[in-house]
Every structure is written in structure tokens, then in C-alpha cells.
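Notes to accompany the following structure.
Just so it is clear, none of the values below were taken in a lab; they were calculated from the coordinates. On a predicted model such as this, the values are computed, not experimentally measured, just so you know. Here the Cβ positions follow ideal geometry from the backbone for every residue, glycine too, while neighbour counts run over all protein chains shown.
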Amino acid sequence: MGTATFDFARLLAPTGTQTFLKDHWETQPLVLHRRDRGHYSGLFSAADVDHVIAFTRPQFPGPQAAKSFVQGCLPDRQPAPPVHYPGVADLRHTFGAGKTVVIRSMQNRWPAVAALCRNLEGVFQCPVHTNLYLTPPRSQGFEPHIDTHEVFALQIDGAKTWRLYDFAADRPLADAPTGLRRSDLGPPREVRLEPGDLLYLPRGYAHEAFTTTSPSLHLTVGVNVYRWLDLMHEALVAAARRDVGLRASVPPGALLSSTLPNDVTRTFQELLRALADNAQAGEAVQQLASRFFDGLDPLPDGYFAFSEADEHIGSETVLTKRPGGICRVLVAGDTALLEFPGGRLGGPIRIAPALRFFAETDRFVVRDMPDMSADAKLVLARRAVREGLFVVHANPAAPLDDAGAARRPVESGV
């Protein structure tokens with residue numbers, strides 16, 4: 001089982017993250033031929049597929065339901081019946097019959113993949129998912145299409161050829177149609193991915209993929225960006241809480257009228273002007289951030305292991321942030337709050353510097369907490385451990401270093 005930390009920088013290596021964001025993000029594909037079969041060895045391997053099938057029990061449609069592929073969903077994402085839970089032998093037979101096996105939501109099935117997705121969620125501050133695609137030789141699971149999220153394709157084993165066309169849609173909406181007619185596409189550029197290679201595709205970029213003489217195993221990491229539309233939606237909802245006019249009903253008959261009534265046009269324009277005058281960007285950002293944080297579960301890290309470590313915390317104790325501890329600090333009036341996946345720490349405004357320190361720091365000695373008395377530091381440090389943000393470092397004698405880069409918090413005043 002892969003357990004090594006695999007983050008955004010390692011995903012893109014040798015391309016730098018700033019170069020990628022400047023030259024490729026949302027605008028241009030990126031192809032990395034690494035000639036390094038072991039590049040993803042700490043993340044996932046073909047030998048791990050059996051474990052995913054056997055121990056996470058992906059749910060599939062009935063064996064006759066799919067034509068060129070089958071896909072496994074998490075139990076709470078119910079496909080239409082009939083459904084079944086095939087084992088390793090069943091899916092080997094399906095794969096041998098020439099069908100692509102798709103297992104969705106790998107971030108909920110494999111620890112190293114979950115850690116990578118959480119790292120990307122920290123970078124892009126939006127939900128990230130991963131799907132697995134296992135394709136037999138001389139097969140193609142999907143016709144030309146676009147995706148409505150940013151795509152990183154990680155070739156784990158075997159080989160796959162991708163045909164890249166061009167943008168069929170410029171930054172499509174999340175619910176945009178994804179199917180394409182081949183006759184509408186121009187000449188493609190072909191890219192062959194081998195183990196260790198990476199392909200990044202901006203959303204809206206037309207593509208298809210197929211195998212030739214060898215099978216293929218790849219992971220697709222999807223970054224589900226928040227658009228300005230999402231932010232404006234939050235601003236509109238917040239404004240509607242204050243302005244009863246936005247909560248009034250649309251006049252009867254307006255939707256079926258062949259000519260738009262003047263009072264509808266007038267009211268619409270008045271509400272738009274009021275929204276432009278009164279919408280608050282900070283309020284909308286915090287609402288969108290709340291939506292993001294509400295979807296973050298803590299990564300598994302021994303939360304149920306019985307421990308009395310918090311009772312023995314002293315000024316020289318070293319605390320380490322649990323994996324995936326994305327944080328944001330909220331300051332409102334005379335209170336301060338630190339949110340993180342699965343928990344929160346709050347208190348009077350005077351603890352705000354310590355909460356910011358928690359958000360920015362991955363490992364520290366308790367005595368280094370800022371702007372608090374020695375006793376107050378111990379109290380807050382023990383709370384942070386009990387709430388699951390930090391653990392007592394297993395080797396307090398080890399020197400502190402920069403192994404875990406400081407993570408900047410999302411902070412706001414509301």
C-alpha cells in the first residue's frame with residue numbers, strides 16, 4: 001500500500017508549480033514524459049487494484065448494463081438497479097472480455113490518493129476527486145468528449161494513447177454537455193503515455209484515449225474549480241437574506257408570456273442595480289469558503305487510538321499537524337475561530353494570534369506559541385490535540401526543520 005507523501009510539486013516535477021500555473025492552468029495542456037516507471041510508486045500501483053476491489057467493494061451496474069465500460073461508485077452514490085458488488089475474479093473476467101473498468105472516488109478508497117487530493121484541495125481551495133481507469137489492450141472506453149473540471153491523467157502502468165484536439169468549449173460550466181461529434185473535430189495531436197508520465201488537460205479541451213497492444217492503468221485527478229459564477233451566486237444568496245425584494249415571487253404569467261411585461265423588466269433591472277450596490281465580496285468569499293470546508297472530512301490518522309498524550313503536554317512538547325489539516329481563521333467582533341477538516345477551535349479575540357500560528361505552522365514547540373502566558377499556551381495546545389488538529393510528536397528530540405512547509409491560512413474578518 002502506497003503511503004509516501006505525494007503532493008502538487010511532485011505531481012508536476014520537473015515542471016515548477018509557478019511555471020505550470022502561469023503557462024498551462026486553464027489554458028494549455030501539459031505533457032510530461034518522465035521515463036521513470038517508479039515515479040508514482042508511492043502513490044498507487046497495479047498491484048493495489050486487487051485491494052481496492054476486495055476491501056472497498058465498489059458498486060457496479062449489472063454485468064449487461066455497460067457496453068464498453070463498467071464503473072464502480074461509492075455505496076452512497078446509488079446507480080439505477082440492478083447493482084452488484086463483483087469481486088476480483090468477476091472484474092478480471094470483465095476486463096478480459098474487453099471492457100474498461102472504472103472505479104470512482106479513489107480519494108475515498110486509498111490513503112495515498114486521499115493525501116494527494118487533500119494537498120491539491122489546499123492548493124486550489126476547491127473539491128478534488130480521483131477515478132481509476134483500467135483498460136484492456138486494443139480498447140477505447142469513451143468517445144471524444146470534454147470534461148468540465150481540470151484533469152491530471154497519471155499513467156500508472158501499461159500505456160495509453162491520447163488524441164488531443166483543441167478547445168471545444170472555453171471554460172465550460174459544471175453542467176455543460178460533454179459529448180462531441182467526431183465530425184466537428186479537427187486533426188488531433190497524439191500523445192502516448194507510459195508509466196510515470198503525466199497529462200494535464202484544461203476543462204473544455206476535447207480528447208479521447210485508447211490502448212493498442214498493451215493494457216493501461218491510469219488515475220485521473222479532477223480539480224472541480226469554483227468559478228466566479230459560484231462566488232456571484234453566494235453574493236446573490238447573501239443579498240437575498242437582506243433584501244426582501246429578491247425573495248418576492250416572479251409575477252404569475254411572466255414565464256409563459258410571448259412579450260416580457262414591462263414591470264418584470266423594470267424590477268429585474270432594479271434588483272440588479274441594488275445587487276451591484278450592496279453585494280459584499282468578503283461575505284460571498286466566506287460563504288463559498290464555508291461550502292468548501294463543509295465538504296472536507298479529516299484524513300484517517302488514528303483518531304480512535306486511545307491516548308492520554310494531551311494530559312502530558314508541557315512547554316517543551318513538540319506538536320505536529322495531522323495530515324490534510326487545511327485551516328482557515330475567522331475573526332468576528334470579539335471572537336476568533338479556527339476551522340479545519342472535522343473540527344474547530346474558538347475563543348476570545350486575544351487567542352487570534354495563536355490560532356493564526358496554528359494555521360500557518362505544521363510542527364512547533366509549545367513554548368513558541370505567540371502572545372499568551374505559559375499556562376494559556378498549555379491549555380490551548382491540549383485543546384488542539386483533543387480536537388484532532390495536532391498530535392504529540394513521536395520523537396520530541398528530533399530537530400525542527402522545513403519538512404512540512406508552512407501552510408498559509410484562509411483568513412477573514414466578518
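Details
- Cross-link partners of Lys22 among aspartates and glutamates (Cα-Cα below 17 Å; sequence separation of 8 or more within a chain): Glu150
- Between the exposed loop cleavage positions of the chain, defined as GluC sites (Glu not before Pro) in a non-H, G, I, E, B DSSP state with at most 15 neighbouring beta-carbon atoms within 10 angstrom, the longest gap is 27-307.
- If you run the Gaussian network model on the chain, springs between alpha carbon atoms under 10 Å, then out of Arg273, Arg163, Arg192 the most flexible one is Arg273.
- Using C-alpha pairs under 8 Å with a sequence gap of at least 6, the mean separation divided by the residue count of segment 160-218 gives a relative contact order of 61 percent.
- C-alpha center-to-center spacing [segment 109-146, segment 196-219] in angstrom: 11 Å
- Here the contact order of the chain, divided by its residue count and restricted to Cα pairs under 8 Å and six or more residues apart, works out to 14 percent.
- Helix-derived mean residue ellipticity, 222 nm - over the chain, DSSP H n ≥ 4, -39500 (n - 2.57), to 500: -8000 deg cm²/dmol
- The alpha carbon centroids of segment 3-22 and segment 319-396 are separated by 28 Å.
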